[in-house]
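Data block below; observations after.
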Amino acid sequence: MIQQKKISVSNIFSILIMALALLVIFNPNAKGYLIRGLMSLGFFQPDPGGYAKHHENVANVPDIQFKDAGGNTISLGTLKSKLVFINYWATWCPPCIAEMPKVNELYKKFRNDPKVAFLLVDVDNDLPKAKAFMLKNRYDLPIYIQESNVPGTLLDGTIPTTLVFDKEGKLIYKHSGAADYSSEKFEEFIRQNLD
């Protein structure tokens with residue numbers, strides 16, 4: 001009889017683990033919360049120095065254009081003299097959902113700095129849906145859609161993808177996948193590139 005209880009508890013535990021795994025696989029929000037939890041444990045830390053060591057400079061970046069929720073168009077060329085943080089994301093993407101609070105924290109630190117520009121680019125080109133997502137989650141991030149083609153060297157279809165361009169328009173950071181952009185290391189990277 002004692003042996004049956006052990007099997008029963010073991011089976012229940014296995015069923016719970018399987019249910020949790022299925023929830024994470026099929027529910028973007030659950031997967032996003034799991035990734036966010038791992039971020040709080042120190043996983044998914046961006047390594048801006050690692051990008052510079054292992055990648056050549058992407059030359060001849062075209063003057064990519066973006067449109068904001070108000071219908072205004074801007075381009076990378078008009079943002080020269082600023083450090084530009086671009087994040088490609090979607091409302092249905094679990095890693096995007098997971099990193100968004102961290103991107104928002106970074107944005108809050110620099111939103112009043114005229115030498116920094118943030119562009120959160122919805123890859124679905126659905127500004128009303130992106131705006132609703134931001135309002136629902138109480139994020140204060142500037143959202144855009146793509147107005148021109150992006151070369152595959154910058155965006156290969158993986159989201160989230162984050163790009164950082166320096167004041168001269170040179171790509172100094174690229175990362176595909178979720179990352180904790182609120183880390184002190186990444187904040188220091190931004191500050192070092194403002195001078």
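The values are calculated or read from the model by the stated rules, or taken from the named source; none is laboratory data. If you're wondering where the values come from, they're calculated on a predicted model, not measured in any experiment. Ligands, DNA and RNA are stripped out before the accessible areas are found, and what is left, the full protein with its side chains, is counted by its heavy atoms. Shrake-Rupley method; radii C 1.70, N 1.55, O 1.52, S 1.80 Å.
Would you work out if the range 60-195 is rounded, prolate or oblate? Take a ≥ b ≥ c from the square roots of the eigenvalues of the alpha-carbon gyration tensor; rounded if a/c is under 1.5, else prolate when a/b is larger than b/c, oblate otherwise. Since a/c stays below 1.5, the shape of the range 60-195 is classed as rounded. Beta bridges from DSSP with both residues in the range 82-162: antiparallel share about 20 percent, rounded to the nearest 5. Converting phi to 3J(HN,Hα) with the Karplus coefficients 6.51, -1.76 and 1.60 and the offset θ = phi - 60°, the range 134-151 yields 5, 5, 4, 9, 6, 9, 10, 9, x, 9, 9, 10, 6, 10, 9, 5, 10, x Hz in sequence order, with x at every glycine or proline. Close amide H contacts of Y173 (hydrogens built in the peptide plane, cut-off under 5 Å, sequence separation of 5 or more or a different chain): V164. Over the range 88-128, the hull volume per residue, using the convex hull of the C-alpha atoms, is 81 Å³. What the phi angles of the range 110-119 give under the Karplus curve with 6.51, -1.76 and 1.60, with θ = phi - 60°, is a coupling list of 10, 4, 9, 8, x, 8, 10, 10, 10, 10 Hz, glycine and proline written as x.
Counting only protein heavy atoms and a 1.4 Å probe, the range 87-195 has 45 square angstrom of accessible area per residue. For the range 127-195, just say rounded, prolate or oblate: build the C-alpha gyration tensor, square-root its eigenvalues into a ≥ b ≥ c, call rounded for a/c under 1.5, and beyond that prolate if a/b exceeds b/c, oblate if not. Judged from the Cα gyration tensor, the range 127-195 comes out oblate (a/c at least 1.5, b/c at or above a/b).
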